[in-house]
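I have a structure I would like to understand better, so I am pasting it below and will then ask my questions one at a time.
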Amino acid sequence: VDVEPALAGGDASPYADHVRRYESWLAGGRAGAMEYLVRGRDRRADPRIVFPAARSVFCVAMPYSAAPAGSNDPSGGPLYARYLRGRDYHLELKERLDRALAAADAEWRARGGAPLAWKTCVDTSAVLERAWASLAGLGWIGKNTMLIHPKLGSYLLLAEALLDQPTGRGPAPLKDYCGNCRRCLDSCPAGAFDGPRVLDSRRCISYLTLEKRGSLEPAERRAIGRWVAGCDVCQEACPFNTKPAREERPAPDGAVALNDWAGLLNETEEEYKVRVGGSALKRVKWDQFRRNLLAASENASS
Ligand code: B12
Ligand code: SF4
Ligand code: SF4
């Protein structure tokens, strides 16, 4: 999607609506201790600050498997969010995107086109990824705040390439298919939604287990249930995630294969580092994981 038409019209532009929602979310303190979200607000408001040459945003979504049982797992064991399976998606998506764009650039230049320059962004750049993906027509923003593709559901990871050339495509958002449904809102075990599309990170299990540093309050320890890293409940509840037809990313269990309480409780820091190296779980430091594990194992046995 081209940057110019998305930002044209200032406050009335299609993108301005996203920026306003972002700002009001921050103003409500809902980012918790994720200071980087406050620091990067200007860059999020305009991708040309992230990459001055940006004329368009090329958006991709990579499906991952919905198959693991998640909170429906009857064993009573530890729970990991599904996206943590397999190789670190930050690396995988960046490599795949760079490869695809290098090939497109070579073909374009062979036909006499100008060389293409780009910057790939996966998760950690100051880019409003769901906003751009929705403007690009990859899905709509569900009441659980997830970007949902009508056929593939929301078990998707997003990435973008900021391109120095326009594509000729303006914003093309999809219709919102949530309708009267509110299963995600009602299913959240932590009561983290203030309303449709408004999530308070400070209560979200994903935030508590992956982002929050230091210790957890007693109520937070209880709130995480059996989740040791991340949480998928508001996606498990979504009817758009029940269709099995999807191109699944081959994702061996890797770092999340250690999934019994005794095994985890006996693990040393060195063993943890080896297990999670190369997976997205490596962002969760040993102290943090240990803290989650102790609380979750207590919850499982109570
Ligand atoms: C901070 C963050 C979190 C925080 C806050 C989440 C939140 N809902 O805001 C926490 C730690 C809680 C979190 C949790 C998770 N996250 Co997260 N997270 C991010 C991050 C880094 C920034 C998101 C952000 O800016 N949040 C602030 C809110 C206000 O912005 P937003 O959610 O993007 O909403 C925008 C639009 O939706 C729009 N909007 C909101 N409502 C409406 C309504 C209408 C009508 C319109 C038009 C627009 C609109 O306004 C906002 C500004 O554009 C992004 C990566 C990135 N760089 O964008 C990943 C990202 C959003 N997370 C992702 C994932 C996978 C997760 C988890 C599923 C992980 C897990 N299993 O534990 C959970 C899901 C929890 C949930 N229901 O959102 C994926 C989402 C993919 C998808 N299909 O949507 C992203 C995009 C990372 C990636 N590269 O794939 N996450
Ligand atoms: S990720 Fe879990 S805790 Fe966070 S909003 Fe969704 S269901 Fe609630
Ligand atoms: S569970 Fe229902 S309301 Fe929530 S995102 Fe899915 S369709 Fe929308």
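Consider LYS151 carefully, then state whether it is within 15 Å of ligand 3 (Cβ to nearest atom) and among the charged types (D, E, K, R). Can you show your working first?
Values: within 15 Å of ligand 3 (Cβ to nearest atom): yes; among the charged types (D, E, K, R): yes.
Against the criterion (within 15 Å of ligand 3 (Cβ to nearest atom) and among the charged types (D, E, K, R)), LYS151 qualifies.
Matching residues to (1) at pLDDT 95 or above; (2) part of a loop (DSSP other than H, G, I, E, B); (3) of a type outside the set (Ser, Thr, Tyr); (4) crowded, with 16+ Cβ neighbours inside 10 Å:
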| residue | (1), (2), (3), (4) |
| --- | --- |
| ALA102 | yes, no, yes, no |
| ASP105 | yes, no, yes, yes |
| ALA114 | no, yes, yes, no |
| VAL127 | yes, yes, yes, yes |
| SER134 | yes, no, no, yes |
| ILE148 | yes, no, yes, yes |
| GLN165 | yes, yes, yes, yes |
| PRO171 | yes, yes, yes, yes |
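In addition: Picking from ALA100, ALA106, ALA53, ALA131, which residue would you name as being over 18 Å from the mean Cα position of the chain (by Cα) and either in contact (Cβ under 8 Å) with a residue 24 or more places away in the chain or within 16 Å of ligand 2 (Cβ to nearest atom) (or both)? Explain how you work it out, then say what you get.
On the way: ALA100 fails: either in contact (Cβ under 8 Å) with a residue 24 or more places away in the chain or within 16 Å of ligand 2 (Cβ to nearest atom) (or both); ALA106 fails: either in contact (Cβ under 8 Å) with a residue 24 or more places away in the chain or within 16 Å of ligand 2 (Cβ to nearest atom) (or both); ALA131 fails: over 18 Å from the mean Cα position of the chain (by Cα).
Unique residue meeting the criteria: ALA53.
On to the next question. Filter segment 283-302 down to the residues that are part of a helix (DSSP H, G or I) and closer than 15 Å to GLU267 by Cα and list them by number. Working first, answer last.
Restricting attention to segment 283-302, the residues satisfying the condition of being part of a helix (DSSP H, G or I) are 283, 286-301.
Listed by number, the residues that qualify are TRP286, ASP287, GLN288, PHE289, ARG290, ARG291, ASN292, LEU293, LEU294, SER297.
Among the numbered criteria (1) at positive phi; (2) part of a helix (DSSP H, G or I), which one does GLY225 miss?
(2)
For segment 130-170, what are the residues that are more than 7 Å from ligand 1 (Cβ to nearest atom), of a type in the set (D, E, K, R) and closer than 26 Å to ALA53 by Cα?
Within segment 130-170, GLU160, ASP164, ARG169 meet the criteria.
OK, next. Being out of contact with any Asp or Glu (no Cβ under 7 Å at 6 or more places or on another chain) and assigned to a helix (DSSP H, G or I) is the filter; apply it to segment 42-71 and report the residue that is surrounded by the most Cβ atoms within 10 Å (Cβ to Cβ).
Result: PRO47.
Yes/no per residue for (1) open to solvent by less than 30 Å² (accessible area, probe 1.4 Å); (2) within 16 Å of ligand 3 (Cβ to nearest atom); (3) modelled with pLDDT of 95 or more:
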| position | (1), (2), (3) |
| --- | --- |
| GLY195 | yes, yes, yes |
| TRP227 | yes, no, yes |
| CYS238 | yes, yes, yes |
| ASP260 | no, no, yes |
| ARG275 | no, no, yes |
| ALA280 | yes, no, yes |
| TRP286 | no, no, yes |
| GLU298 | no, no, yes |
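Based on this model, can you work out whether CYS121 counts as within 16 Å of ligand 2 (Cβ to nearest atom), under 14 Å from the mean Cα position of the chain (by Cα) and modelled with pLDDT of 95 or more? Let's see the steps before the verdict.
Working: within 16 Å of ligand 2 (Cβ to nearest atom): no; under 14 Å from the mean Cα position of the chain (by Cα): yes; modelled with pLDDT of 95 or more: yes.
Judged against the criteria, CYS121 is not a match.
Filter segment 207-246 down to the residues that are under 22 Å from SER301 (Cα atoms), among the small types (Gly, Ala, Ser) and free of Cβ contacts under 8 Å to residues at least 60 places away in the same chain and list them by number.
ALA219, ALA223
Do any residues in segment 178-206 that are free of Cβ contacts under 8 Å to residues at least 12 places away in the same chain have Cβ atoms under 9 Å from those of residues that are in a helix (DSSP H, G or I) and within 12 Å of ligand 3 (Cβ to nearest atom), where the two are at least six apart or on different chains, and which pairs are they?
Final answer for the pair search is GLY195/LEU185.
I'd like to know if segment 5-19 contains one or more residues that are touching an Asp or Glu at 6+ places or on another chain (Cβ under 8 Å), open to solvent by 20 Å² or more (accessible area, probe 1.4 Å) and away from ligand 3 (no atom under 16 Å from the Cβ). Let's see the steps before the verdict.
Kept after step one, since they are touching an Asp or Glu at 6+ places or on another chain (Cβ under 8 Å), are these residues of segment 5-19: 7.
Cutting the leftovers down to open to solvent by 20 Å² or more (accessible area, probe 1.4 Å) gives us 7.
Add one more test, that the residue is away from ligand 3 (no atom under 16 Å from the Cβ), and what stays is 7.
Scanning segment 5-19 turns up at least one residue that is touching an Asp or Glu at 6+ places or on another chain (Cβ under 8 Å), open to solvent by 20 Å² or more (accessible area, probe 1.4 Å) and away from ligand 3 (no atom under 16 Å from the Cβ).
Also: Can you confirm whether THR167 is closer than 16 Å to ALA296 by Cα, more than 15 Å from ligand 3 (Cβ to nearest atom) and among the polar types (S, T, N, Q)?
Numbers: closer than 16 Å to ALA296 by Cα: no; more than 15 Å from ligand 3 (Cβ to nearest atom): yes; among the polar types (S, T, N, Q): yes.
Answer is no for this residue.
Scan segment 180-193 for residues that are open to solvent by less than 100 Å² (accessible area, probe 1.4 Å), more than 19 Å from ARG226 (Cα to Cα) and more than 7 Å from ligand 3 (Cβ to nearest atom) and jot them down.
In the first step, residues of segment 180-193 are kept if they are open to solvent by less than 100 Å² (accessible area, probe 1.4 Å); the result is 181, 184-185, 187-193.
Filter once more, keeping what is more than 19 Å from ARG226 (Cα to Cα): 181, 185, 193.
Residue satisfying the conditions is PHE193 alone.
A follow-up question, please. Just to be sure before I move on: is LEU138 touching a His at 6+ places or on another chain (Cβ under 7 Å) and either surrounded by fewer than 21 Cβ atoms within 10 Å (Cβ to Cβ) or outside any strand (DSSP E or B) (or both) in the structure I sent? Give the steps one after another, and end with the answer.
Numbers: touching a His at 6+ places or on another chain (Cβ under 7 Å): yes; either surrounded by fewer than 21 Cβ atoms within 10 Å (Cβ to Cβ) or outside any strand (DSSP E or B) (or both): yes.
For LEU138, the condition - touching a His at 6+ places or on another chain (Cβ under 7 Å) and either surrounded by fewer than 21 Cβ atoms within 10 Å (Cβ to Cβ) or outside any strand (DSSP E or B) (or both) - is met.
Could you tell me whether GLU269 is in contact with a helix residue (DSSP H, G or I) (Cβ under 6 Å, 6 or more places away or on another chain), open to solvent by 30 Å² or more (accessible area, probe 1.4 Å) and within 29 Å of LEU93 (Cβ to Cβ)? Step through it out loud before you land on a result.
Values: in contact with a helix residue (DSSP H, G or I) (Cβ under 6 Å, 6 or more places away or on another chain): yes; open to solvent by 30 Å² or more (accessible area, probe 1.4 Å): yes; within 29 Å of LEU93 (Cβ to Cβ): yes.
So GLU269 passes the test.
The values are calculated or read from the model by the stated rules, or taken from the named source; none is laboratory data. It should be emphasised that the depicted structure is a prediction, and the values quoted were computed from it without experimental measurement. Every residue, glycine as well, gets a Cβ built from its backbone with ideal geometry; the counts of neighbours run over all protein chains shown. The area values use the complete protein model at the heavy-atom level, side chains included, leaving out ligands, DNA and RNA. Shrake-Rupley method; radii C 1.70, N 1.55, O 1.52, S 1.80 Å.
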